[in-house]
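The values are calculated or read from the model by the stated rules, or taken from the named source; none is laboratory data. Since this is a predicted model, take the numbers as computed values, not measurements. Because the Cβ atoms are built from the backbone with ideal geometry, glycine has one as well, and the counts that use them run over all protein chains shown.
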Amino acid sequence: MTTTALVVFTRDLRVHDNPTLRGAVDAADRVVALFVIDERIADSGFGCPNRAAFLADCLHDLDAGLRRLGSFLVMRRGDPIDQIAQLADRLDASSIHVSLDWSAYAQRRSERLRARLTADGRALVEYAETIPLVPPGSVHPQDKDHYSVFTPFHRRWSQAVVRTPLDAPERISSRRVDRGSVPTVMELGGGNPAPELPAGGETAGRARLDAWMRDAVHQYADHGDDLSADATSHLSAYLHFGCVSPVEVAARAGDSAGGAALVRQLAWRDFHLQVLAARPDASRRDYRGRGDRWRRGGEDFVAWSEGRTGIPIVDAGMRQLVREGWMHNRTRMIVASFLTKHLYVDWREGAAYFLNHLVDGDIAQNQLNWQWVAGTGTDTRPNRVLNPIRQAERFDPHGTYVRRYVDELASIGGRRVHRPWDLSPEERAELDYPYPVVNLDDARRAFHTARGETPDAP
Ligand code: FAD
């Protein structure tokens with residue numbers, strides 16, 4: 001008798017190095033590939049325009065990739081559990097193959113799917129190694145279920161045995177089934193995406209990976225933090241949606257200083273994932289409460305979100321986010337520190353704004369990076385306050401990054417652009433640019449006091 005496996009794609013939208021797809025192909029004579037638009041996600045606003053547009057590209061490209069292998073992508077909309085169970089029944093599937101994921105929502109979805117398929121008498125195969133490099137739980141301290149500090153995690157993580165990357169299947173035999181149609185951006189819950197949003201999908205992701213490995217990885221260790229060089233890989237959205245595999249990225253990074261620095265960043269990705277796996281409530285609750293009585297974001301928050309704080313490096317970062325749906329890691333840290341520590345606004349408000357815009361917006365990475373910066377997460381120096389001016393002078397020494405995004409300051413040469421309040425009255429009068437919304441020194445002292453430290457702590 002001919003057997004059929006059902007493979008359910010989630011955020012593993014690729015045919016190369018995909019253990020879940022490979023598992024399905026090895027398990028049965030025929031394979032049907034399914035993606036379910038989860039109505040609760042699409043309708044909740046979590047599917048922001050930038051991610052919706054990127055996801056639409058990913059689905060088109062995955063369908064094209066599967067067609068080249070002799071198959072295609074079946075699309076359904078609704079509750080994923082109902083849709084998977086119904087299609088499995090219709091195909092009389094011998095097994096259903098799904099990648100594991102670790103947000104609270106994904107964990108509940110897995111539990112519901114297990115219960116439903118067990119009740120239906122169907123075999124579910126789950127894959128822990130498709131989304132991360134080293135799955136949550138595979139390395140942990142002796143007496144705990146996860147690492148809460150990055151350095152010891154990284155030490156153990158670096159020694160973990162990682163699987164070898166897999167080629168795409170040579171051919172996939174499928175079955176006749178109503179395909180549904182690949183959704184539009186609006187159907188995915190989107191509106192107008194950012195003007196400079198990159199194209200999504202495995203083809204675009206692999207092209208970026210190839211080009212970056214060829215031309216730029218060697219500069220990464222020295223220039224990854226250099227804002228004007230823009231020397232990072234820009235792979236985050238492709239990694240978030242699984243268009244490229246972290247296992248393949250790490251395998252191709254090689255042993256150069258740049259390659260090692262890149263792999264270390266992938267360790268941060270796994271680190272946050274294993275924290276979230278063990279503490280799914282860390283997406284909303286302080287991982288380590290510091291007794292903060294945060295301010296609710298008012299006018300200051302609006303100025304921050306619109307890139308009008310009067311602190312050029314902060315405004316440049318926030319405008320990059322709106323223009324590209326992406327922001328450099330260094331400015332993500334600067335703007336998040338400014339919001340939570342100088343303005344003392346709740347990190348959840350900043351994180352929610354980021355999730356509305358980031359094309360790589362990801363519960364584990366976004367919420368736990370915000371908590372790290374706010375000092376409620378895993379940072380071992382939770383009360384440090386980044387000085388945005390010193391950060392700007394160090395990582396954008398010629399002011400190129402600021403001028404790229406803050407048009408009002410485009411005529412100010414050199415690093416003077418970082419301190420527009422020091423310009424001559426004549427120059428200042430010509431600028432249509434606000435004065436800072438806070439005095440940085442006073443705000444820093446107030447933060448230290450709020451955290452119960454002496455105000456002059458560094
Ligand atoms: P590269 O420097 O080329 O790094 C390669 C890959 O390593 C990245 O694509 C990413 O997958 C991973 N990585 C790099 N830095 C980090 C990090 N600090 N934490 C976890 N993984 C990392 N990253 C997201 O993917 N989604 C988010 O929603 C997100 N929100 C963030 C919010 C804040 C406040 C901060 C400070 C950081 C956030 N990051 C997030 C992490 C980081 O800023 C981005 O992953 C990175 O800027 C993406 O650019 P890149 O692909 O060029 O990175």
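Are any of the residues in the stretch 209-221 more than 14 Å from the ligand (Cβ to nearest atom), among the polar types (S, T, N, Q) and either surrounded by fewer than 19 Cβ atoms within 10 Å (Cβ to Cβ) or over 20 Å from I131 (Cα atoms) (or both)? Scanning the stretch 209-221, I find no residue that is more than 14 Å from the ligand (Cβ to nearest atom), among the polar types (S, T, N, Q) and either surrounded by fewer than 19 Cβ atoms within 10 Å (Cβ to Cβ) or over 20 Å from I131 (Cα atoms) (or both), so the answer is no. Only one of the numbered conditions (1) acidic (D, E); (2) touching a strand residue (DSSP E or B) at 6+ places or on another chain (Cβ under 7 Å); (3) farther than 15 Å from E126 by Cα is violated by D79, and that is (2).
Annotation: of all residues in the stretch 180-226 being at positive phi and touching a helix residue (DSSP H, G or I) at 6+ places or on another chain (Cβ under 8 Å), the one that is modelled with the lowest pLDDT is G189. So, of the residues in the stretch 222-256 that are free of Cβ contacts under 8 Å to residues at least 24 places away in the same chain and touching a His at 6+ places or on another chain (Cβ under 7 Å), which turns out to be farthest from H60 (Cα to Cα)? Ranking the candidates gives A229 first. Evaluating R323 against the criteria (1) under 23 Å from W102 (Cα atoms); (2) more than 13 Å from the ligand (Cβ to nearest atom) leaves one unmet condition, (1).
Yes or no, residue by residue, for (1) at pLDDT below 95; (2) farther than 21 Å from C48 by Cβ; (3) within 17 Å of the chain's Cα centre (by Cα):
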{"residue": "G325", "(1), (2), (3)": "no, no, yes"}
{"residue": "A336", "(1), (2), (3)": "no, no, yes"}
{"residue": "L339", "(1), (2), (3)": "no, no, no"}
{"residue": "V345", "(1), (2), (3)": "no, no, no"}
{"residue": "A374", "(1), (2), (3)": "no, yes, no"}
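Taking the criterion of being of a type outside the set (A, V, I, L, M, F, W, C), surrounded by fewer than 15 Cβ atoms within 10 Å (Cβ to Cβ) and farther than 19 Å from W304 by Cα, the residues of the stretch 398-414 that qualify are H398, S411, G413, G414. State yes or no: is G65 out of contact with any Gly (no Cβ under 8 Å at 6 or more places or on another chain), within 30 Å of V161 (Cβ to Cβ) and part of a helix (DSSP H, G or I)? It is true that G65 is out of contact with any Gly (no Cβ under 8 Å at 6 or more places or on another chain), within 30 Å of V161 (Cβ to Cβ) and part of a helix (DSSP H, G or I). Could you say which residue among D145, D167, D178 is touching a residue at least 40 places away in the same chain (Cβ under 8 Å), under 30 Å from R288 (Cβ atoms) and over 21 Å from the mean Cα position of the chain (by Cα)? Sole residue among the options that is touching a residue at least 40 places away in the same chain (Cβ under 8 Å), under 30 Å from R288 (Cβ atoms) and over 21 Å from the mean Cα position of the chain (by Cα): D145. Looking only at the stretch 284-307, decide whether some residue is in contact with a Pro (Cβ under 7 Å, 6 or more places away or on another chain), of a type outside the set (D, E, K, R), buried (at least 19 other Cβ atoms within 10 Å of the Cβ) and not in a helix (DSSP H, G or I). Scanning the stretch 284-307 turns up no residue that is in contact with a Pro (Cβ under 7 Å, 6 or more places away or on another chain), of a type outside the set (D, E, K, R), buried (at least 19 other Cβ atoms within 10 Å of the Cβ) and not in a helix (DSSP H, G or I). If you filter the stretch 269-281 down to residues that are away from the ligand (no atom under 14 Å from the Cβ) and assigned to a helix (DSSP H, G or I), you find that the one that is surrounded by the most Cβ atoms within 10 Å (Cβ to Cβ) is A277.
Within the stretch 431-458, the set of residues being surrounded by 13 or more Cβ atoms within 10 Å (Cβ to Cβ) and assigned to a helix (DSSP H, G or I) comprises L440, A443, R444, R445, A446, F447, H448, A450. The set of residues from the stretch 289-320 being within 16 Å of the ligand (Cβ to nearest atom) and small (G, A, S) comprises G297, S305, G307, A316, G317.
Within the stretch 339-366, residues that are among the hydroxyl-bearing types (S, T, Y) have Cβ atoms under 6 Å from residues that are more than 8 Å from the ligand (Cβ to nearest atom) and part of a strand (DSSP E or B) in these pairs: Y344/R295, counting only partners at least 6 apart in sequence or on another chain.
Could you tell me whether the stretch 71-81 includes any residue that is buried (at least 23 other Cβ atoms within 10 Å of the Cβ) and within 24 Å of the chain's Cα centre (by Cα)? Yes. When the test is whether a residue is away from the ligand (no atom under 12 Å from the Cβ), touching a Gly at 6+ places or on another chain (Cβ under 8 Å) and among the polar types (S, T, N, Q), T376 passes it.
If you go through the stretch 240-268 and keep only what is within 11 Å of the ligand (Cβ to nearest atom) and either in contact with a helix residue (DSSP H, G or I) (Cβ under 6 Å, 6 or more places away or on another chain) or in a loop (DSSP other than H, G, I, E, B) (or both), you end up with F241, V244, P246, A250, A253, G258, A261, L262, V263, L266, A267. Tell me which residues, restricted to the stretch 356-373, are in a helix (DSSP H, G or I) and either of a type in the set (D, E, K, R) or more than 6 Å from the ligand (Cβ to nearest atom) (or both). Those that are in a helix (DSSP H, G or I) and either of a type in the set (D, E, K, R) or more than 6 Å from the ligand (Cβ to nearest atom) (or both): N356, H357, I363, A364, Q367, L368, Q371, W372.
Picking from residues in the stretch 347-358 that are surrounded by 22 or more Cβ atoms within 10 Å (Cβ to Cβ) and touching a Ser or Thr at 6+ places or on another chain (Cβ under 8 Å), the one that is farthest from D300 (Cα to Cα) is W347. Residues that are assigned to a helix (DSSP H, G or I) and under 22 Å from R319 (Cβ atoms) were ranked within the stretch 224-239; the one that is nearest to the ligand (Cβ to nearest atom) is S236. Only residues that are at pLDDT 95 or above and hydroxyl-bearing (S, T, Y) were counted in the stretch 402-432, giving 1. Out of curiosity, is F35 surrounded by fewer than 21 Cβ atoms within 10 Å (Cβ to Cβ), touching a Leu at 6+ places or on another chain (Cβ under 9 Å) and closer than 22 Å to V244 by Cβ? Taking the combined requirement at face value, the residue does not satisfy it.
For D346, the stated conditions hold: it is within 15 Å of the ligand (Cβ to nearest atom) and touching a helix residue (DSSP H, G or I) at 6+ places or on another chain (Cβ under 8 Å).
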